[in-house]
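Single-structure report; data block below.
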Amino acid sequence: MNGFEVTLLRPFWLAALPLLALVGWWLARRQGGLGDWQRAADPALLRAMAALGRIDGSGSRTQLMAVLVALALLLLALTGPAVERRDTLSFRNLDGVLFVLDASPSVTEDPRWPQMQTMGRFGLAALGTRPGGLIVYAGDAYVASDLTLDHLQLGQTFSLVMPGLVPDPGSRPERALALAAEVMADAEVIAGDVILLTDGAGLGPESLRAVARITEQGARVSLVSLNAPDPAFETHASLGGGWVFTLDQTDALSNWLGEEARTRLEAQDYPLLYWRDMGRYLLALALIPLLLLFRRQTA
């Protein structure tokens, strides 16, 4: 398609044009150039004034036509005449964030579990244009939400994590971190963050190896501790190039994800279908006939 082909985005407004034409025809016949003076004045007086040249109906007809033309242009503007553009670039953010949430009973049945969920939602709110995702784990790991820009839906998914959601017993953070590495590799994320929210159960040599794999892909690993963090938290965060956060550090986590973001944009491989609505120009054009309504009449 070329740039001069016009498509109507809201063509149903065309149905109002015949109605406007009918109303204009009825008003023109009813007014006869004199408005309601034909009803208010004596017919003989009107004929006498017309004979003397004191009646000019052209001004009233001109005003009526000006209003009708302006309304017709307004209806055409509402139809949404648009020109298609296929040369517009689209971009995606290569800096994604994966939240890895421990959903084992030792976490979800803890009295501080609601605070852990709140901490995650605060992190989601700081993502901006960065896509986010959610992995839940216990004895095994599952992708609850792939990387997406729909942060509202992701936050709702985060809130729905409850005890018993992951049926596998145990706590295997290494499996969740390995899955996070796979998700980021598949999404071609080159500067991401992995946020591990856990009570620390299962952290050890295997999870450290998983953290090392994530850092090799250019991402950082930070941890949110349900309780007071033990040395294992610091070890994992140091290797992952991230930080350890406690549940009372929501602002610190938000700043880390927001201000410290390494945003990188890449042009998409597919073209973006973009429509430029030309209706606003028709609205400006409709002002021209309306200027006739303010024309000074001669005495």
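Taken together, the values in this text are just the output of simple stated rules run on the coordinates, not laboratory data. Everything numeric here is computed off the predicted structure, so don't read it as measured data. Cβ atoms come from the backbone with ideal geometry, glycine included; neighbour counts cover every protein chain shown.
Some points to look at:
- With R₀ fixed at 25 Å, the C-beta to C-beta distance from residue 42 to residue 62 puts the FRET efficiency at about 0.45.
- The modelled label-to-label distance between residue 185 and residue 22, using points 7 Å beyond Cα along the C-beta direction, is 6.8 nm.
- Each label was represented as a point 7 Å from its Cα along the Cα-to-Cβ direction; for residue 12 and residue 252 these points are 5.5 nm apart.
- Global geometry of the stretch 91-267, whether rounded, prolate or oblate, following the gyration tensor of its Cα atoms and the 1.5 cut on a/c: rounded
- Rel. contact order, % - alpha carbon contacts under 8 angstrom, at least six apart, the stretch 91-267: 28
- With a Förster radius of 22 Å applied to the C-beta separation of residue 109 and residue 159, the computed FRET efficiency comes to 0.85.
- Computed label-point distance, nm, for sites residue 129 and residue 51 using a 7 Å Cα→Cβ extension: 7.9
- Cβ crowding within 10 Å ranks 65, 116 as 65, 116, fewest other Cβ atoms first.
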